[in-house]
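Worksheet for the structure shown next.
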Number of protein chains: 2
Amino acid sequence: MRIGELAKKTGVPARMLRYYEEQGLISPRRLDNGYRMYDDYLVDRVKKIRGLVDSGIPTRIISSILPCLDQPQTIVVKNAEPGLRELLVTERDRMSDKIDFLIHNRDSITRYIEAIDAAATQEQSLEAG
Amino acid sequence: MRIGELAKKTGVPARMLRYYEEQGLISPRRLDNGYRMYDDYLVDRVKKIRGLVDSGIPTRIISSILPCLDQPQTIVVKNAEPGLRELLVTERDRMSDKIDFLIHNRDSITRYIEAIDAAATQEQSLEAG
DNA sequence: CTTGACCTTCACATTAGTGGCAGGGTCCAC
DNA sequence: GTGGACCCTGCCACTAATGTGAAGGTCAAG
């Protein structure tokens, strides 16, 4: 598909798709007329990139972990560069920290919302009573 | 405590503490000489801010949800502004999405690391055999 | 064969989050 | 009473991510 369609399917503006390409996150083929051509699997990949960016992970790091995120374990595990494992562990742990942190705070917000609702309910019963 | 001590305790540079203040996230008292004075409870608050920023949440939004994150439910639930609940729900859901997303990808990374280790182990047994 | 919807590159602008420094005040300890 | 460690404000600069728009090529449909 061309860039406009991919943008529509992912919700990521074409501008950003070109930017991600520039950062080495995706490498669309080119048609004879110069247009970018995106394979279907890139839809998921772009969504993944968005999610990672939105979670505060810079593109520089995304580019190094992205190949490890494709589900059917890519053939690439062979001759793993020595630094790669360490990097993955670091990033994995960082993600775990974020997860724990987000869960904790999300639950706080949920409790707060419940408190608001409880207060509203109570107020209503006061009005009625 | 003064800004240097808070910086040390939180790992957040003084420069950033001033920035967070500018963004309305913390409001230290001032000594007669103009020095900022931070109460102890701000240590946790600053850590919370860091975590949220690192998770890709902009300070603008942090400032609106931060009051709802203090653990002993603040007295503030009363006269909840109408938009607040909606905003909290939105942000809570956004956080839930991030959590799911991060868990999924973290697990992918973990599997990849395990694959690396398995490959290394296998290689060793080949050498030995 | 022209119009409109796409696409291209290039470039400039903005925002958020940072880092860093200069010029100057405060205060403790020697 | 001086030096060093701390604080202040203000400003300039940088990066990453993003918006926007100009100037121009492609192509299908009328």
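The values are calculated or read from the model by the stated rules, or taken from the named source; none is laboratory data. Computed from a prediction, not measured in an experiment: that's the story for all the values here. Note that each Cβ is placed from the backbone with ideal geometry, even for glycine, and that neighbours are counted across all protein chains shown. Quick note on the areas: whole protein, heavy atoms, side chains included, nothing else; ligands and nucleic acids left out. Shrake-Rupley method; radii C 1.70, N 1.55, O 1.52, S 1.80 Å.
The residues listed here are A:LEU88, A:LEU102; of these, the one that is within 8 Å of chain B (Cβ to nearest Cβ), among the hydrophobic types (A, V, I, L, M, F, W, C) and touching a residue at least 12 places away in the same chain (Cβ under 8 Å) is A:LEU88.
With the condition kept exactly as written, say whether any residue in the stretch B:103-116 is over 18 Å from the mean Cα position of the chain (by Cα), farther than 14 Å from A:LYS48 by Cβ, open to solvent by 40 Å² or more (accessible area, probe 1.4 Å) and not hydroxyl-bearing (Ser, Thr, Tyr). Yes, because at least one residue in the stretch B:103-116 is over 18 Å from the mean Cα position of the chain (by Cα), farther than 14 Å from A:LYS48 by Cβ, open to solvent by 40 Å² or more (accessible area, probe 1.4 Å) and not hydroxyl-bearing (Ser, Thr, Tyr). Looking across B:GLY34, B:GLY4, B:GLY56, one residue alone is farther than 30 Å from A:THR121 by Cβ, away from chain A (no Cβ under 14 Å) and part of a loop (DSSP other than H, G, I, E, B). It is B:GLY34. Of all residues in the stretch B:21-36, those satisfying the criterion of being touching a residue at least 12 places away in the same chain (Cβ under 8 Å) and either within 8 Å of DNA strand C (Cβ to nearest atom) or over 20 Å from B:LEU66 (Cβ atoms) (or both) are B:GLN23, B:TYR35.
Just checking, how many residues over the stretch B:1-20 are without any contact (Cβ under 8 Å) to a residue 24 or more places away in the chain and open to solvent by less than 50 Å² (accessible area, probe 1.4 Å)? Within the stretch B:1-20, residues that are without any contact (Cβ under 8 Å) to a residue 24 or more places away in the chain and open to solvent by less than 50 Å² (accessible area, probe 1.4 Å) number 3.
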